[in-house]
Every structure is written in C-alpha cells, then in structure tokens.
1. With a 10 Å Cβ neighbour count serving as the proxy for reagent exposure, in which order, fewest first, do A:315, A:174 appear?
2. Where both partners of a DSSP beta bridge lie in chain A, what percent of those bridges are antiparallel, to the nearest 5?
3. Where both residues lie in segment B:161-223, what percent of DSSP beta bridges are antiparallel, nearest 5?
4. If you take every DSSP beta bridge whose two residues both sit in segment B:110-219, what share of them, in percent to the nearest 5, is antiparallel?
5. Normalised radius of gyration for the protein assembly as shown, please: alpha carbon Rg relative to 2.2 N^0.38 Å, two decimal places.
6. From Cα pairs below 8 angstrom and at least 6 apart in sequence, can you work out the relative contact order of segment B:1-99, rounded to a whole percent?
7. Looking at chain B as a GNM with Cα springs under 10 Å, which of B:210, B:30, B:54 has the largest mean-square fluctuation?
8. Given the -39500 (n - 2.57) contribution per DSSP H run of 4+ residues, what per-residue ellipticity at 222 nm results for the protein assembly as shown, rounded to the nearest 500 deg cm²/dmol?
C-alpha cells in the first residue's frame, strides 16, 4: 500500500482508491477481514509467528555511548568478551556458552527434522545451546547440538529419564510469551507417523497440549518437582524455569525459591508455531517491561548473576541483545529470528507463498504444515528443500552478526565484557519505554514511576 | 536376578540417618542391582527416583511426592501411603503401594505397572501414556484426564469427570462412576477386553472377576477442532 500524489491510496493490487474514501482506524482492513473470516468459519484464528501489533520494544531505547567521562574500547583490538556460564547455583556441570545468544525451545513436530538439525548445527558452530520443545528429544537433535536443553512441559510428550540424563540442562516450562496460560497446539495435518509415535497419540488428530503440569500445582509443589529432577539427574545439570512475561516480579521470586538455576523469561512478542491469534495479541507483557521486574526481583534476593536470566521475545538484532543485557539479562534466546535465518519468509518462495494465500514477509501459517521453506512442516517433499548444512551455516552467520553488533555497542560504551553493559548506558525515546525499562527519557533524568511524576 | 544376588543380604538405608541423595545415588548404580530396604521414610520426597536397573526396593512407611518417579526396570514396594505423583512417568518395572495414593498417581507413566492397594486421589493416571494402573479401592475426580495410552483399572468407584478429554487409554471400573468427563463414554466389553483385564488383575494379584467391570473409552469426538474447516486453521 502506498500513497498517491493526490493523497489517495494505492492498494497492493495496484488499484487506486480516491482520497475521499477514508479507512476507519477502529475498523481497519485487517479488522474487517477478521470479522468476515469469523462469520464464515465460526472458529477463532490459529496461526504461528508472534504478536504483530506494535508494542514498546528495544527500538525505543538508545545507547549513550562514550563521552568525556566514559572512554570507549577499540573495535577488533581491545577485548570484549561474550561468554556466559549458566547453572552455577546448584548444578555440578554448569553450561558454558561462547555467546550470550541461545536458541529457544521449538519442537520437532512444529518444525521439520531438517530444521531442528540446522538449528543444532548453527548453534554448535558458534558455541551456544539449542532447546527441545513440546514433542520430546530426537536422536538427530541430540547428535547435532553440542549443548541441548531438554524441556519438561505440561504435556510430557516423549518425556523419559534417558533423555533427561542425556540433556545438558532441563527447562521446566510453565509458560511461553506467545500464550502465558495456554498449552501447545499441533494440528492434525502435522502429526506424521513419527510425531504421533513420539507423543503416544493417534495420527492426524489435533493435538492440544495440557496447559498445567499434571503432577504439581503452585510454587511449593514446583520446588519438590525440581528436587525430583535433581535427584534423577544426580544434581549434575542445571534446571531452568521458563515463564511467559506476566506477573514477572513474583514469578521470578517464586522460581528462585523453587530452586531454579536459571530463569527463562519470554515476552509477549515471543514466537509460536500455532496459537489462537487472540491469545498471541492480547496476553502477556512486552519483554521490555518484564526484564526490569525480573532483575529487581533477583537483586532483592541477592541472586542477580547467581540465578541467570535468559530473556526472549522479539530479539532481532545485536542492538536488541545489547539492550537486553544492559537491562540486566545474562543471555537472550531467539526463535523467530533463527527461523528467518534458516530461510523462513524468503522471497525465493514468493510464488508459493502467494499460492497458499500469503506473501514473503507476511507468512505466519506455521500451524498449517505447508511451509514452502521446509521449516514448519512434516511433509517430506517440503522438508527436503531445507538443506540442514546450509541452514546451519546461515544461522551461525546470523548468530555471529548478532554477537559482533552487540560487541560493537558494548565497546562503544567502554565495556570489556558484554555483561558490563548496564541501565546507565541507556536512555529511552518515549515516556512509555522510559517507564517500562526504567531508564531516563532521552535528554532528561526522568524515569516515570521512579522519580518526578 | 542371579542366585548369588538373591542370597546377598539387602542393602539398608535408614532415612533418619542416611540422606535421600545417598539412597538415590546408590540406586543409580546400574551394577549390583539387588534388594534394598528403606526404613523411616517419614514422608520424604523423591525417594527411589530415576532407577534404571532391576532393583527390588522395599520402603517401610509413608513416602512424600514422586516416589519411584520415572522408574525403569525396578520393583518398588511401599508399605504405607504415597504422596502426590507416585511412579510419575514410569517407563517400566512395577510400583506397588500397599496403602493409598495421593493425587496424580502414575501421571504420564509410559510403561510398567502401578498397583495401589487402597484408594487413589484425584487425577489418578492423568495423561497416562502406556503404563497400566490397578487400584483396589476407588479413584478421585478427573482420573485418566487426557489419558493417551495404557489402562486404568478401578476395583471400587470413580469420582467426577472420569476420563475427561480421553485419548486412546482404556478404563475399567467395577463400581459406580460419579460422572463421565467430556468425550468419555461407556463401551462394550468384548472378549479381548475381558482377556486384557484378566491379565491385569492377575499381574496386580487382585482377586476379582473381569465380568463385574465396565469399560470406558474415548468417543473420539474432540480429536479434531471442526472437520469442515480443517484446511483453513
């Protein structure tokens, strides 16, 4: 859509709309199309990707950089370290990552086997971890991921003690940013024979995972559950707790009390392979608003940097990584960005995107299993299009770029380790972002809710 | 188990002086599996979890949460009551509770046999994935919720919403069912089911007539959102 010289609108079809036709801000074209779809189908919309609405995010923050009183580090010459160790609290074998960027949990089932392999190859090449998902651990992903985090989810699909013992860490999933309070979904057309067998379910059914864990309720039970997992794995490997960003201050305190080694905090922009649109867009808070709450909670308990904080949900660039770390995170996790690096939404598939009613840059029907890029599918012909070696290389390139960008910003702020970035290095472009991130509005010392009004 | 192992005196852990960690650590040694006696469990949690060898564990007293969790191969017998999640996610082997079990007994268990001598509380066999559970007494509400595979045998009564959102697990109940959950229906007891039930009762050493039980299973009406629109979800 573009605007003509006379003030009219040019639609994607090329047709010009007269300036006298005014689109409603309340009932815009997306809203009208959704009402029409709902009236036609009588069912909520399910899709993948993540929140598409604009929310306050890392773009609303800026680094101050060096000045007379802060000297920068020389790029390429002076060291700016990026390593991070996770699980130092209780685990006898913590995880050492070379970069502070991990791959978020995504299931085999939601993703093709080749996509999972490519994620493992890319992450391993740059010394970071990948994470299983709501479908168990495949031998392939164990083989291709040097550091593999094994999720314990409400569904417990494929859960078994051998994989627990094979894992490098366990992630107890309470919720995810795209749908805090909701369980996983995998629609029937993605349930192949292998996916069905791994989940102990019939082929072809719409699989809706439980949203609550079957054998514990509340923080006191969670503490005992973690004790059991520690006992099963002989206190060797770290245990993370993953929460969707909601009541973050309290969730983080309760996770610490329950005995977590690390907390994974997923903001509302976090991706999903299949969730109700109403859930994606209307539940949870932006990661920008959640990080300061988590850090405050950890600091009050004297657990900041002792219980590591991994944040996710809308991390796209090295600037996003640097800003998340400056707000106090120890590492970030990426999901959607990693899939795009593998080839999701690539323009080379444009003709096929159009055939299935989408377009490159817009494709979000990851639930449908028809992904032209071979990522969110279980169709062998489609999956074969994704070369896991090439995909892994692309992901490694993307992760290296994010790391370099993050280091560039850290050096500009005079930091010899990316973890030395701090809120003092930041300012905000909007009052909302200043209030949420708890850094001053640019050019002022005003942090709404903290000082002044 | 070899004759020499059978003859060896059992290992003994007294949980008033030994830690659960020491017990589990010993039980994780795949060599030297044999008889292990545990006294004074005093309701402690995570006792005998993650075993992966044919141990025979006897626990004299009541245990807390997740006793025999994720068990493989071992036989664990509790001479007492169990807290939440006994034999959760069991893979194989046998867990026998002589008393009653709290909530979520046998949750997500994928193999093996869990026998509860008394009653089991709510959500017995929740998300069951292939194991068999035999309860001599009654089970609480929402038992076999979302159960996928395996069997739940209840010699007494079942509470509200039995088998809610059931997948392919089979439920056999001798007594009254307070109510059936969504998509759970009574089904015909055919010869194959009588045979299966007879074998389960025998394995659990329960003297009951399979003909006195009724079978419940999934109506399979919730398996797909709405078939007319399957292409557009």
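No value in this document is a laboratory result; all are computed from the given coordinates. Everything numeric in this text was worked out from a predicted model, so none of it was measured. As a convention, Cβ positions derive from the backbone with ideal geometry for all residues, glycine included, and neighbour counts pool all protein chains shown.
1. Result, fewest neighbours first: A:174, A:315.
2. Rounded to the nearest five, the antiparallel share is 35 percent.
3. Close to 90 percent.
4. Values: 7 of 24 bridges.
Here the antiparallel bridges make up roughly 30 percent for segment B:110-219.
5. Numbers: Rg = 27.1 Å, N = 686, 2.2 N^0.38 = 26.3 Å.
Against the compact-globule rule of thumb, the ratio is 1.03.
6. Working: 272 pairs, mean separation 20.8, N = 99.
After rounding, I find 21 percent.
7. B:30
8. -7500 deg cm²/dmol
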